[in-house]
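Written below as structure tokens is the structure these notes are about.
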Amino acid sequence: MISSVLIANRGEIALRIIRANRELGIKSIAIYSDEDIRSAHVRNADEAYHIGPAAASESYLNVKKIIETATAAGADAIHPGYGFLSENDTFADACEKKGIVFIGPRGKAMTMTGDKMKCKELMKKANVPVIPGSEGVIDDVDLAERVAHDIGYPVLLKSAFGGGGRGIRLARNENQLRQEFEMAAAESKAAFGKASLYVEKSLEGIRHIEFQIVRDSNGNTRHLFERECSVQRRHQKLIEMAPSPVVNAEIRKRMGEIAVRAGEAVDYLNAGTVEFLRDKDGNFYFIEINSRLQVEHPVTEVITGLDLVKLQIAIAQGQEISFDQEDLKLHGYAIECRINAEDPFNDFAPSIGTVGRCNLPHGPGIRVDSYLFSGCSVSGYYDSLVAKVIVWGRDYQEARARMKNALREFEAEGINTTIPLHETIMNNADFIRGDLSTDYLDRLKILDIMEKEHIEKVKRNTPAAVAAVLLQSDVDRRNPEVVQDMRNARTRGWKNIGRNSFGI
């Protein structure tokens, strides 16, 4: 039995794992870099060990140092969270060699799911539908052009070892393909250490729908229903929800069975996600298996009543899954908004600094997973995700209304966040109808709508003279002092713009 877990991560996911461990009576061992000495996960863990400098390559990605720390601390297991080393087969294998339980899939399964082309071939053999594309890795732009000609434009150039939306480029014609091929290869090399690409048909008007699966060491596999993740920016998910507005009971059963088949095809272990694209005609196509706990796992927890981290630990201990597929029932609707420390009014520029006043929303059906607190530091060294707001409602519209309340109450003074964008989306007619696609932001010009709403809020909530200054600053941003006042005002909330920013 596992009695102590080293958490090879930071931020909100480290806190999430600590809480699950505490409920199970398991000791939590945290690691931290120079940048995270005062972080919440360090203060909440039972033990904490310094791991290295701020740069992730020297701390949270340092396999040797993390294994040494786990051994010295007497950890029975390591939970990698998501990101960093969570899908690193070398790390999983290193844990196994040292007799440390890796809470996740085996290294062999990671190797298969990490190689997109090999995984695609396995899916074909398992009768899992895949998107038309190249039969193997393509290292030559001329070959890429011939494949694109055969399957038809538009096409995507994708890293064969990618994930998280990185290493993906769209080409609508031959000229664009030649321009983007080199860029995609460079991105893949920078992100994953390998420049190998493959060509895939780009589907129009698609929705991104994924199925959560769990599988134990006895071969018992279950799917925990779907999540819709179609609201994205540059292939990065912004909002997730469950159930999907376009998945009925019949589709859920059929696609759930296919997701289970996909997990069994790679001999998967523990929790993972089988991801699909759905075209406008209702056809589903496999794209990848994410061999880790997903950022959006709380959405599934809310609608099923399961604790996925505790379930992960149980499976890692060799326990069988305690429920049958038929035991699982969908309960209501859930929506998650990812809150990033980015300025959506300034091309999503990263926002770093010390958080002043901090108010995380509360209320019926509202859950917030976050590392924020008054006085905490938001670093530029790591991912910009600072919080996840998850809401539950009896139906889709109640969940949406609760999300609007939660976003209105959320306050993190001193940094810019993507909250204004989420507020715009929650009020958008297409979102209300559930008319979603992965090009949702561009198709409806959501960022332009957000800017217009911002101006209207300023008009309604500030004295006329101040509004004139702010409006002019939207047109002419050459005055840096006015621009900074604007950004500070956004951070403090609309009701405080006039009073706090301009001494009124």
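The values are calculated or read from the model by the stated rules, or taken from the named source; none is laboratory data. Just so it is clear, the model here is predicted, and its values are computed rather than measured. Methodologically, a virtual Cβ is constructed for each residue, glycine included, from the backbone with ideal geometry; neighbour enumeration extends over all protein chains shown.
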Handout entry: Some residue of the stretch 198-213 being touching a residue at least 12 places away in the same chain (Cβ under 8 Å), touching a strand residue (DSSP E or B) at 6+ places or on another chain (Cβ under 7 Å) and farther than 16 Å from Ile287 by Cβ
Key = no
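Condition first: hydrophobic (A, V, I, L, M, F, W, C) and either surrounded by 14 or more Cβ atoms within 10 Å (Cβ to Cβ) or at pLDDT below 95 (or both). Now tell me which residues in the stretch 432-459 satisfy that. Talk me through it step by step, then tell me what you get.
The initial filter retains those residues of the stretch 432-459 that are hydrophobic (A, V, I, L, M, F, W, C), namely 432, 436, 441, 444, 446-447, 449-450, 455, 458.
Across the stretch 432-459, the qualifying residues are Leu436, Leu441, Leu444, Ile446, Leu447, Ile449, Met450, Ile455, Val458.
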Practice task
Might you let me know whether the stretch 70-89 holds any residue that is within 21 Å of the chain's Cα centre (by Cα), closer than 23 Å to Asp34 by Cα and free of Cβ contacts under 8 Å to residues at least 24 places away in the same chain?
Solution key: no
Exercise for the section: Quick one: in the stretch 55-69, of everything that is assigned to a loop (DSSP other than H, G, I, E, B) and free of Cβ contacts under 8 Å to residues at least 40 places away in the same chain, which residue is nearest to the chain's Cα centre (by Cα)? Expected result: Leu61
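Yes/no matrix, rows are residues, columns are (1) β-branched (Val, Ile, Thr); (2) more than 30 Å from Lys253 (Cβ to Cβ):
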| site | (1), (2) |
| --- | --- |
| Ala334 | no, no |
| Cys337 | no, no |
| Ser351 | no, yes |
| Pro361 | no, yes |
| Ser379 | no, yes |
| Leu385 | no, yes |
| Val389 | yes, yes |
| Trp392 | no, no |
Practice task
Scan the stretch 341-361 for residues that are charged (D, E, K, R) and either crowded, with 18+ Cβ neighbours inside 10 Å or out of contact with any Lys or Arg (no Cβ under 9 Å at 6 or more places or on another chain) (or both) and jot them down.
Solution key: Glu342, Asp343, Asp347
Completion exercise
So, first residue at positive phi in the stretch 27-53, second residue in a strand (DSSP E or B), Cβ within less than 8 Å, six or more apart or across chains; the pairs are Gly52/Ser33
Problem - Every residue from the stretch 34-51 that is of a type outside the set (Lys, Arg) and under 19 Å from Ala75 (Cα atoms) - result: His41, Val42, Asn44, Ala45, Asp46, Glu47, Ala48, Tyr49, His50, Ile51
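Which of the residues that make up the stretch 382-431 are aliphatic (A, V, I, L, M), assigned to a helix (DSSP H, G or I) and surrounded by 17 or more Cβ atoms within 10 Å (Cβ to Cβ)?
Scanning the stretch 382-431 gives Ala399, Met403, Ala406, Leu407, Ile419, Leu421, Ile425, Met426.
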Practice task
Mind listing whichever residues of the stretch 181-197 are out of contact with any strand residue (DSSP E or B) (no Cβ under 6 Å at 6 or more places or on another chain) and either outside any helix (DSSP H, G or I) or without any contact (Cβ under 8 Å) to a residue 12 or more places away in the chain (or both)?
Solution key: Ala186, Lys189, Ala190, Gly193, Lys194, Ala195, Ser196
Exercise for the section: Mind counting the residues in the stretch 90-126 that are more than 17 Å from Ser217 (Cα to Cα), in contact (Cβ under 8 Å) with a residue 24 or more places away in the chain and either of a type in the set (Lys, Arg) or assigned by TED's automatic domain parsing to the domain that holds Ser217 (or both)? Expected result: 4
Practice task
Answer with yes or no whether Arg38 is part of a loop (DSSP other than H, G, I, E, B), farther than 21 Å from Pro105 by Cα and of a type outside the set (A, V, I, L, M).
Solution key: yes
Exercise for the section: Considering each of Glu336, Glu288, Glu301 in turn, give the residue that is without any contact (Cβ under 8 Å) to a residue 40 or more places away in the chain and not in a loop (DSSP other than H, G, I, E, B). Expected result: Glu301
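Give Arg178, Arg227, Arg169 a once-over and let me know the one that is more than 28 Å from Thr90 (Cβ to Cβ) and either part of a strand (DSSP E or B) or assigned by TED's automatic domain parsing to the domain that holds Glu257 (or both).
Arg227
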Practice task
Find all pairs meeting these conditions: Cβ atoms under 8 angstrom apart; at least six residues apart or on different chains; first residue within the stretch 364-389 and on the phi > 0 side of the Ramachandran plot; second residue among the hydrophobic types (A, V, I, L, M, F, W, C) and crowded, with 19+ Cβ neighbours inside 10 Å.
Solution key: Gly365/Val391; Gly365/Trp392; Gly365/Ala399; Gly375/Val355
Problem - Members of the stretch 174-216 found to be basic (Lys, Arg) and within 16 Å of Glu288 (Cα to Cα), listed by number - result: Lys201, Arg207
Exercise for the section: All but one of (1) more than 30 Å from Lys158 (Cβ to Cβ); (2) over 21 Å from the mean Cα position of the chain (by Cα) hold for Leu311, so report the exception by its number. Expected result: (2)
Fill in the blank from the handout: Taking the stretch 321-340 and keeping only residues that are exposed (fewer than 15 other Cβ atoms within 10 Å of the Cβ) and within 17 Å of Leu24 (Cβ to Cβ), one is left with Ser322
Handout entry: Test: residue in the stretch 353-372 that is within 19 Å of Ala242 (Cα to Cα), part of a strand (DSSP E or B), among the hydroxyl-bearing types (Ser, Thr, Tyr) and under 21 Å from the mean Cα position of the chain (by Cα)
Key = no
